[in-house]
1. Give, in nm to one decimal, the length gained when the segment between residue 119 and residue 107 is fully stretched (0.36 nm per residue of separation minus the Cα-Cα distance).
2. What longest range of the chain stays clear of loop-exposed trypsin sites (Lys or Arg not before Pro) (DSSP non-H/G/I/E/B, at most 14 other C-beta within 10 angstrom)?
3. Can you tell me the dipole magnitude for region 89-235 around its Cα centre, using point charges on the Cβ only (Lys, Arg +1; Asp, Glu -1), in Debye to the nearest 20?
4. Hey, rough spin-label estimate for residue 95 and residue 235, points 7 angstrom out along Cα→Cβ, what's it come to in nanometres?
5. Can you match Cα extents along the principal axes in Å to one of these, (i) 50, 36, 34; (ii) 68, 37, 35; (iii) 46, 41, 34, based on a calculation from the structure here?
6. Accessible area of region 14-122 with a 1.4 Å probe: how many percent of it is carbon plus sulfur?
7. Specify which residue in the list 169, 153, 181 is farthest towards the positive end of the charge dipole of region 132-191, using unit charges on the beta carbon of Lys, Arg (+1) and Asp, Glu (-1), about the Cα centre.
8. Using DSSP to define loop residues, name the GluC sites (Glu not before Pro) in region 124-232 whose beta-carbon has at most 11 other beta-carbon atoms within 10 Å.
Amino acid sequence: MEPDTQTYTCAMIPPAPVTLDRREGPFGEVVLRERGRHFEIIANGCFLMDTSDGRSERLLIDAALGALPAGRSGPSVLIGGLGVGFSLVRAAEEERWGRIVVVEREQAIVDWHWQGPLDRISGAALADPRTQVLHTDLVAHLRTATERYDALCLDIDNGPDWTVTDDNGSLYSPTGLAHCHDRLTPGGVLAVWSAQPSPAFEQALRNAGFTGVRTEEVAVARGVPDVVHLASRGA
């Protein structure tokens, strides 16, 4: 008996996305969609992230913690970008972290976590007494803040070479990396998520005075692997 090719092909078609919320903000349009069992965040028409696979977002946190000097007690972490919440959840799951600060500039994303569908992902992590959410622009915060962190885990773009808005490009510039360096404690770690490797960004980190620059990869179903760029501030 011949297989029912038509039925098989239809079964493989992913469900159409359903828009749950769409908002215009100071940085453009941001959209929350649901596709089957998963959520998607779209910023200015650019796919930003979804909840189908959070391995690389979790690696962002785990690799930063693993790169810190041994014996550091209760290290603080700044997470740049709340996104779908995977990085925050991973940090809250790890009892070794001390203060957990999340910077998110889109009020819509904050609302989706506090009052909307993404609460099912991040609710427990947001209720953790170590967690604080700051509604502000990451680039501005790094430029103006005086507090230092043991780790900066940044995931606000699809990578240094593929920014969501033009303003984000300054984060990966010599000046932006200098601000990151200043916001780290001695021996602190900078971890930057990217949808693809970037040798040019690795060199930019070295030029900015970071040490121990390296890239960790996470294989994806198709295309180049997701990566986490890691670098340390000298002790």
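The values are calculated or read from the model by the stated rules, or taken from the named source; none is laboratory data. For clarity, every value in this text was computed on a predicted model and none was experimentally measured. Counting neighbours? That spans all protein chains shown, and the Cβs are built from the backbone with ideal geometry, glycine included. All accessible areas refer to the heavy atoms of the entire protein, side chains included, with ligands and DNA or RNA removed. Shrake-Rupley method; radii C 1.70, N 1.55, O 1.52, S 1.80 Å.
1. 2.9 nm
2. Details: sites that count: 37, 96, 222.
Here the longest run is 97-221.
3. 420 debye
4. That separation, rounded to one decimal, is 2.7 nm.
5. The calculated read-out lines up with (ii).
6. Values: 2300 of 4800 Å².
So the carbon and sulfur contribution to the accessible surface is 48 percent.
7. 181
8. Details: sites: 147, 202, 216, 217; in loops: 147.
Taking region 124-232 and a limit of 11 other Cβ atoms within 10 Å, the loop GluC sites (Glu not before Pro) found are 147.
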